[in-house]
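So the structure is just underneath, and the comments pick up after that.
The values are calculated or read from the model by the stated rules, or taken from the named source; none is laboratory data. These figures come from a predicted structure and were not determined experimentally. Here Cβ is always computed from backbone atoms with ideal geometry, including for glycine, and neighbour counts include all displayed protein chains. Heads up: the accessible areas ignore ligands, DNA and RNA and are worked out on the full protein's heavy atoms, side chains in. Shrake-Rupley method; radii C 1.70, N 1.55, O 1.52, S 1.80 Å.
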Amino acid sequence: MTDTAVESGVLTRTLTVSVNGTGRSAEVENRLLLVHFLRETLGLTGTHVGCDTTSCGACTVLLDGVPVKSCTVLAVGVEGREITTVEGLAGAGGLSPVQEGFHQEHGLQCGFCTPGMMLASTALLAENPDPSEEEIRWALSGNICRCTGYQNIVKAVQYAAAKMKEEH
Amino acid sequence: MYPATFEYHAPASVEEAISLLERYGDEAKLLAGGQSLIPLMKLRFASPRALVDVNRIEGLDSIGEDDGHLAIGALVRHKDCERSEALRGRYGVLGDAAPQISDPIVRNLGTVAGSLAHADPQGDWGSALLAAGAHVEAVGPGGTRTIELDELFQGPFTTCLEPTEVVTSVRVPDPGPRAGGTYLKLERKVGDFATVGVAVHVSLDNGTVRRAGIALTAVGPRNLRARTAEEALAGATLDDDTIREAAELAAEAAQPRSDHRGSADYKRNVVRVFTERGLRKAAETAQAA
């Protein structure tokens, strides 16, 4: 998607990305935010809009495996890249270890922050399979939960880490 | 919240980016990490006619030693700095600042150079890099120029960059082996801006201070250098009395204002305490090297 000529006045472009392993393409406005592309263009409403100001982390998705706040990323900026949303966490064998951990340890109450929490946790465990409690709290410090007080969220991540170790 | 409409370009080279900027005059903004610019556009504080997204330009994302400097490319993210071994030890002021910026997810995208170009007086990099004596390299239609950070920061959210210039790297002079520093930040919670931040960077020569850099965050209209404190330290031995005197001078250099994060007196006192602590840590690192 390299520009060689300036096309003045053009406010849309064709965007092609991979979302949860599937190629998706759409004509989008330049100003469309990634979170709205996911929720409205693709109908993947598991990614939530919380604060809309880069603070709460409810809209966290993985961009080439790295957590980003999708309310603060332009859809046109992720051309050609790979997005993972909460809809992409479960595999053929059922829930991912992180999803199972949130279920088993009651790592949610209202569930609003949960997709973002689980994606940030998934990225943490991909990089650090055996995190300390402090490392878990640190990695999730950009995601805000207003219900649980984080205790069970930390336990959910610990559960997932143990489960992943067992599976290896 | 949605940004206003804009034209979008993703050039593949710095030259192409500059020619796009020339075309739009002062109506275009460069997009790097976007973690400040996109919120500003959503809140309609900024409505540029065009965005020039530099993320596709290759060769701007490395940290490395270059000609007596540590060079940080324009697309180096805060997270890259947090992980970099190069930013420890004598560059500890930078390595300690990195993990205190915003929150871990924002750090995955936000860039060092973008933070400087944004010139938020509450920005952490501004102080850390001022203390380290850094400059930026900016490329424009007329070639490359070197801009000292002191000159770069003109005031709140204002730099001396021309609308057609692109910052390509941030360069920190090698302070020599016997150097150390740190960045201390008081924040109410992760992701908040600093209530107060203090950056300290000291290099030693035969046991005395060759150069001291002290810079303050969120206590003035821009990142401030505590010059009188720096001057008092130059040539001195880092003993208790010198450190305490420098901390008093740094507190005097602060221009805090009372707000919801704290009173002016409180912030000034934090500057004093942080400068003292920072100097002790810097001395420890430098003397151990």
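Yes or no: the range B:35-55 includes at least one residue that is of a type in the set (Ser, Thr, Tyr) and in a helix (DSSP H, G or I). The answer is no; no qualifying residue exists.
Would you mind finding the one in B:Val190, B:Val209, B:Val167, B:Val198 that is in contact with a helix residue (DSSP H, G or I) (Cβ under 6 Å, 6 or more places away or on another chain), of a type outside the set (Asp, Glu) and more than 21 Å from B:Ala286 (Cα to Cα)? Result: B:Val167 is the single residue among B:Val190, B:Val209, B:Val167, B:Val198 that is in contact with a helix residue (DSSP H, G or I) (Cβ under 6 Å, 6 or more places away or on another chain), of a type outside the set (Asp, Glu) and more than 21 Å from B:Ala286 (Cα to Cα).
Yes/no matrix, rows are residues, columns are (1) touching a His at 6+ places or on another chain (Cβ under 7 Å); (2) in a loop (DSSP other than H, G, I, E, B); (3) under 15 Å from B:Gly33 (Cα atoms):
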residue	(1), (2), (3)
B:Arg107	yes, no, yes
B:Trp125	no, no, yes
B:Leu129	no, no, no
B:Thr144	no, no, no
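Number of residues in the range A:51-61 that are hydrophobic (A, V, I, L, M, F, W, C) and either open to solvent by 10 Å² or more (accessible area, probe 1.4 Å) or at the interface with another protein chain (Cβ under 7 Å from one of its Cβ atoms) (or both) equals 2.
On inspection, B:Gly220 does not qualify as farther than 21 Å from B:Ser102 by Cα and either in contact (Cβ under 8 Å) with a residue 24 or more places away in the chain or outside the structural domain of B:Val271 (by TED's automatic domain parsing) (or both).
A:Val76 meets all of the listed conditions (1) within 14 Å of chain B (Cβ to nearest Cβ); (2) under 16 Å from the mean Cα position of the chain (by Cα); (3) more than 15 Å from A:Gly57 (Cα to Cα) but one, namely (2). Listed by position, the strands (runs of 3 or more DSSP E) contained in the range A:59-142 that have at least 2 residues being free of Cβ contacts under 8 Å to residues at least 60 places away in the same chain are A:60-63, A:66-69.
Residue under question is B:Thr195, and the condition is that it be open to solvent by 10 Å² or more (accessible area, probe 1.4 Å) and among the polar types (S, T, N, Q); does it hold? Here the answer is no, as B:Thr195 does not meet what is asked. Filtering B:Ser13, B:Ser84, B:Ser47 for residues that are more than 8 Å from chain A (Cβ to nearest Cβ), open to solvent by 10 Å² or more (accessible area, probe 1.4 Å) and free of Cβ contacts under 8 Å to residues at least 40 places away in the same chain leaves a single hit, B:Ser84.
Would it be correct to say that B:Asp61 is modelled with pLDDT of 95 or more and assigned to a loop (DSSP other than H, G, I, E, B)? Criteria met by B:Asp61. Selection of the range A:32-50 for residues being surrounded by fewer than 22 Cβ atoms within 10 Å (Cβ to Cβ) and at the interface with chain B (Cβ under 10 Å from one of its Cβ atoms) yields A:Leu32, A:His36, A:Val49. Per the conditions (1) at the interface with another protein chain (Cβ under 9 Å from one of its Cβ atoms); (2) aliphatic (A, V, I, L, M); (3) open to solvent by 10 Å² or more (accessible area, probe 1.4 Å), the sole criterion not satisfied by B:Leu60 is (1). If I filter the range B:89-105 down to residues being within 14 Å of another protein chain (Cβ to nearest Cβ), in a helix (DSSP H, G or I) and open to solvent by 10 Å² or more (accessible area, probe 1.4 Å), which single residue comes out as nearest to B:Lys267 (Cα to Cα)? Among residues in the range B:89-105 that are within 14 Å of another protein chain (Cβ to nearest Cβ), in a helix (DSSP H, G or I) and open to solvent by 10 Å² or more (accessible area, probe 1.4 Å), the one nearest to B:Lys267 (Cα to Cα) is B:Gln100.
Scanning the range A:18-31 for residues that are part of a strand (DSSP E or B), away from chain B (no Cβ under 14 Å) and either closer than 11 Å to A:Ile83 by Cα or in contact (Cβ under 8 Å) with a residue 12 or more places away in the chain (or both) yields a count of 6.
In the range B:16-28, what residues are surrounded by fewer than 22 Cβ atoms within 10 Å (Cβ to Cβ) and within 26 Å of the chain's Cα centre (by Cα)? The answer is B:Ile18, B:Asp26, B:Glu27. Please specify each residue of the range A:134-149 satisfying the condition of being of a type outside the set (A, V, I, L, M, F, W, C), open to solvent by 40 Å² or more (accessible area, probe 1.4 Å) and within 13 Å of chain B (Cβ to nearest Cβ). Across the range A:134-149, the qualifying residues are A:Glu134, A:Glu135, A:Arg137.
Scanning the range B:117-133 for residues that are hydrophobic (A, V, I, L, M, F, W, C) and closer than 16 Å to B:Leu216 by Cβ gives B:Ala119, B:Trp125, B:Ala128, B:Leu129, B:Leu130, B:Ala131, B:Ala132.
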